[in-house]
Amino acid sequence: MYRVIIIGAGIVGLSIARVLSRFENLKITVIDKNPDVGWGVSKANTSIIHPCHEEDPDKHPLRTKLCLEGHNIWYKWVRELDIPNRWPGEIIVATNEDEYHVLKHYLELARRNNVPGVRIVDGEELFKLEPSINRSSIAGLYAPSAGSIDPVQACIALAENNVDNGVRFVLGEKVVDIVVKDKHVKEVVTNNNVYEADIVINAAGLFADEIARMVGINDYIIYPRRGQYILFDKTASPKPDKIIHTTPTPKTKGVYVLKTIEETLLIGPTAEDLSIEEKEANIVTKEGISFILENAKKIIEKLPPMNLVIRTFTGIRPEPPNGSYILRFHEEPWGFVEAAGIRSPGLTAAPAIAYYIKNLISQHIDLKLKKKWIRIRKGIIKIKDLSRIERNNLIKQNPKYGRIICQCMGVSEAEILEAINRMRKIGVKETTLDGIKFRTHSMYGRCQGTFCRPLISLIVSRETGLEPWKVSFKGGNSTYGIGFVKELFMKR
Ligand SMILES: Cc1cc2nc3c(=O)[nH]c(=O)nc-3n(C[C@H](O)[C@H](O)[C@H](O)COP(=O)(O)OP(=O)(O)OC[C@H]3O[C@@H](n4cnc5c(N)ncnc54)[C@H](O)[C@@H]3O)c2cc1C
């Protein structure tokens, strides 16, 4: 039996855990410093499963291959793991002659990468294909295979399925050291514990370079590249059905305008190179917001009014040297494996990266397939997605489905209770509001939780024994003010 420790419960680490959990001679533990899964880079991105006609096979042959393979695996995984998804296709919109030439370049890449159905569309056909595109646009490159998934729900689904297949999770512990003995990895040290390991997989996203340095590997630095977003309420219109975006640049795939899985309107991101000290600079800036609005306006006929903005947020890309993924099994120290520098299209490529890492490991140890492996996971039943008859039947069985807690998103008490149970199942030590939000999409709507958060806190308090004013957004001290109000009240 080989003890495998995966550092990082992002989309990459969790995908690797899924693929490795098929082997009976691996005992897998996933460690993450966050209190829950998917709270790193995987939480805040554009959520596109890219068709991969924007990947250049000459510059990045491995990235291109993994993007194409990952895209195909997601078709299967979203069904097996019940991950919210949609496959509307995407259009790169050209607004002038220069951009039209850019379309031709990506059309050629589509041909070389064998991306199906990609074609240039112009004139009335363009506006018929996507009526919300700005009428001054001159053409678009349509890629019908583009899709979008809910990235945090994907992480949660993978984690739940991993637990069903024997993977253990250690959440809320930061890896601070890796002990090497006789040129082999031996122990992973966290701020709380020491875990013995025969194989250590570094899937630590933005911090993979810091993990590598713990075993003396110094040959790369991961730089942060920030992306800011604006999210509009689901009543905002127009909302393109197709995913549309401006022409890509060497740094980014452009500014996107898309309808999210929850039918809100998302625009962004920016692409700002930050310094090495700014890996956690999750701030939204005035310049960033102006940049997004200016670019989005070029390709969409009309932007919704700003009073329909419900949130602005930021994601930070882990940029490796030359944009190349770092995927390797080290002989020295033996057993140190890296899935590092997974920048965009890392969400798309993650399942293929997982198989690539499995193949690297299988070159060093004999992997034995399990006789029984659970492929399927079911998500939380959402009362709002059911027909009237189904809804009534469910409420008869469990009246808590009839008690709607989040009015904006139509989320019931039963769904919140289910989320709390599922968090326990994967080893979440402290039930957080964000954990409930990502699992149920409560607090996602127009009021962003202003109305339902106190009710949800009371439910969490009842179920966990935590005092309501200690229920936090993200664990620890990140309470949202009830505690402060209580303190003021007591002082009076
Ligand atoms: C703005 C933006 C837009 C993007 N858009 C897309 C897109 O549309 N499509 C697409 O395919 N890709 C996209 N990407 C890329 C994609 O999001 C990433 O490639 C992917 O999420 C990387 O996943 P990861 O698992 O490597 O990293 P992470 O999700 O960051 O996971 C790493 C984990 O390691 C943990 N960790 C770090 N250090 C330690 C430590 N010392 N101890 C314990 N745990 C540790 C972190 O807490 C984190 O949870 C985008 C990225 C950004 C930022």
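What follows is calculated from the coordinates using simple rules that are stated; it is not laboratory data. Keep in mind the model is a prediction, meaning the values are calculated, not measured. In this analysis, Cβ positions are derived from the backbone assuming ideal geometry, glycine residues included, and neighbour counts consider all displayed protein chains.
With no other cysteine's Cβ closer than 4.7 Å, which Cys residues of the chain count as lacking a disulfide-compatible partner?
Isolated Cys, the chain: C155, C408, C447.
Rounded to the nearest 0.05, what FRET efficiency is calculated for E262 and H105 with R0 set to 35 Å and r the Cβ-Cβ distance?
Working: r = 34 Å, r/R0 = 0.96.
After rounding, the FRET efficiency stands at 0.55.
Calculate, in nm to one decimal, what K128 and M306 gain on full extension: separation in residues at 0.36 nm each, minus their alpha carbon distance.
On the way: separation 178, 0.36 × 178 = 64.08 nm, distance 2.67 nm.
Result: 61.4 nm gained on full extension.
What does the charge count near S148 come to, summing +1 for each Lys or Arg and -1 for each Asp or Glu among other residues with Cβ under 10 Å from its Cβ? Show your work: numbers first, answer last.
Numbers: positive: R86, K259; negative: E90, D150.
Surrounding charge for S148 is 0.
If you average the alpha carbon positions of region 149-215 and of region 1-72, how far apart do those two centres end up, in angstrom?
13
Take T285 and N359, extend 7 Å from each Cα along the Cα→Cβ direction, and tell me the distance between the two endpoints in nm.
Rounded to a tenth, the inter-label distance reads 4.1 nm.
Please find the FRET efficiency linking T464 to W373, where r is the Cβ-Cβ separation and R0 is fixed at 30 Å, and quote it to the nearest 0.05. Before the final figure, lay out the partial values.
Values: r = 32 Å, r/R0 = 1.08.
Between T464 and W373 the formula returns 0.40.
Is region 40-199 rounded, prolate or oblate when judged by the Cα gyration tensor, a ≥ b ≥ c being the square roots of its eigenvalues, rounded requiring a/c under 1.5 and prolate requiring a/b larger than b/c? Don't skip to the answer; put the middle values down first.
Working: a/c = 2.91, a/b = 2.20, b/c = 1.32.
Verdict is prolate for region 40-199.
Using 0.36 nm per residue of separation minus the Cα-Cα distance, give me the extension gain between T249 and W87 in nm, one decimal. Don't skip to the end; give the middle numbers.
Working: separation 162, 0.36 × 162 = 58.32 nm, distance 2.39 nm.
Working it through step by step, the gained length comes to 55.9 nm.
Nearest 20 debye, what's the magnitude of the dipole of the chain about its Cα centre given +1 on Lys and Arg Cβ and -1 on Asp and Glu Cβ? Intermediate results must be reported in sequence, preceding the final value.
On the way: 70 positive and 58 negative charges, 372 e Å.
Here the size comes out at about 1780 debye.
Whole percent per 10 Å bin, from 0 to the bin with the longest distance: what is P(r) over all C-alpha pairs of region 383-491?
15, 45, 30, 9, 2, 0
Suppose the Debye formula is applied to equal point scatterers at every Cα of the chain; what is log10 I(q)/I(0) at q = 0.06, 0.10, 0.11, 0.12 Å⁻¹?
So the normalised log intensities are -0.28, -0.79, -0.96, -1.14.
Specify the longest stretch of the chain that does not include any exposed loop site, a site being one of the GluC sites (Glu not before Pro) with a non-H, G, I, E, B DSSP assignment and at most 13 other Cβ atoms within 10 Å.
Numbers: sites that count: E263, E280.
Between the exposed loop sites, the longest stretch runs 1-262.
Roughly how many whole Å is it from the C-alpha centroid of region 338-381 to that of region 382-426?
Here the two parts' Cα centres lie 32 Å apart.
Figure the gain on full extension for N191 and E294 (residue separation times 0.36 nm, minus the Cα-Cα span) and round it to one decimal in nm.
On the way: separation 103, 0.36 × 103 = 37.08 nm, distance 4.48 nm.
Difference between extended and current length: 32.6 nm.
With each pseudo-label sitting 7 Å past Cα toward Cβ, what's the L62-L386 distance in nm, one decimal?
That separation, rounded to one decimal, is 4.8 nm.
Using the beta-carbon distance between D182 and L455 and R0 = 60 Å, what value does 1/(1 + (r/R0)^6) give for FRET efficiency, to the nearest 0.05?
Details: r = 56 Å, r/R0 = 0.94.
After rounding, the FRET efficiency stands at 0.60.
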